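Shown next, in structure tokens, is the structure this report addresses.
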Amino acid sequence: TAIATTLDGLRAKIGGDKNPGRILAVLEPRSNTMKLGVMKDQLPASLTLADRVFCYSGGIDWDVAAAMAPLGAKATTEADLATLVEHIANEARPGDHVLVMSNGGFGGIHDKLLARLAACRALVVDSENRPQRDQFLSDSQPHSPAIRQEAGENSAAAVDLQPTIPKSDRLPAP
């Protein structure tokens with residue numbers, strides 16, 4: 001599936017030994033095929049490369065929790081978007097990669113999650129090397145865990161969950 005391919009690509013990109021950060025996969029089953037539950041039995045297998053899985057079940061007529069049960073404690077399902085954002089923010093830690101997958105706007109989860117992660121990060125900011133809340137990093141690479149793209153613009157909020165080392169060492173070369 002596209003989910004497995006995306007996770008495989010991210011896992012290959014971040015590696016295992018060089019960057020031990022976890023992949024937190026966040027999924028909204030929004031396509032018509034997903035909403036109908038056509039692919040629900042394949043979901044657990046497609047998500048095996050994720051270290052943690054968060055699935056939004058709001059507006060879905062099939063039992064998302066039952067479909068995710070083969071993933072055990074690695075999976076969290078939630079019908080309330082605000083609660084899902086809280087679960088993700090509470091689980092995320094430095095070095096993690098948060099991968100959000102949906103066919104739509106996902107209820108604005110990108111901005112909500114970035115804001116919540118920034119609030120969490122603001123509580124632990126204790127060095128000049130760390131970005132401050134509401135600071136933006138204009139030179140972050142597209143598709144980094146803290147990137148938001150709209151209308152061709154890139155802006156990265158200061159919630160990058162990578163280790164706090166100087167930016168020139170933190171970002172990959174173009």
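The values are calculated or read from the model by the stated rules, or taken from the named source; none is laboratory data. Because the structure is predicted, anything quoted here is derived from the model rather than measured. Note that each Cβ is placed from the backbone with ideal geometry, even for glycine, and that neighbours are counted across all protein chains shown. Side chains included, ligands, DNA and RNA excluded: accessible areas come from the protein's heavy atoms. Shrake-Rupley method; radii C 1.70, N 1.55, O 1.52, S 1.80 Å.
Does the stretch 17-30 include one or more residues that are at positive phi and small (Gly, Ala, Ser)? Scanning the stretch 17-30, I find no residue that is at positive phi and small (Gly, Ala, Ser), so the answer is no.
Selection of the stretch 36-57 for residues being open to solvent by 30 Å² or more (accessible area, probe 1.4 Å) and part of a strand (DSSP E or B) yields Arg52, Tyr56.
Among the residues making up the stretch 58-100, those that are open to solvent by less than 60 Å² (accessible area, probe 1.4 Å), out of contact with any helix residue (DSSP H, G or I) (no Cβ under 8 Å at 6 or more places or on another chain) and either of a type in the set (Ser, Thr, Tyr) or closer than 22 Å to Ala12 by Cα (or both) are Lys74, Thr83, Gly95, Asp96.
Here Ser127, Ser168 are screened, and the one residue that is surrounded by fewer than 13 Cβ atoms within 10 Å (Cβ to Cβ), part of a helix (DSSP H, G or I) and either modelled with pLDDT under 50 or within 14 Å of the chain's Cα centre (by Cα) (or both) is Ser168.
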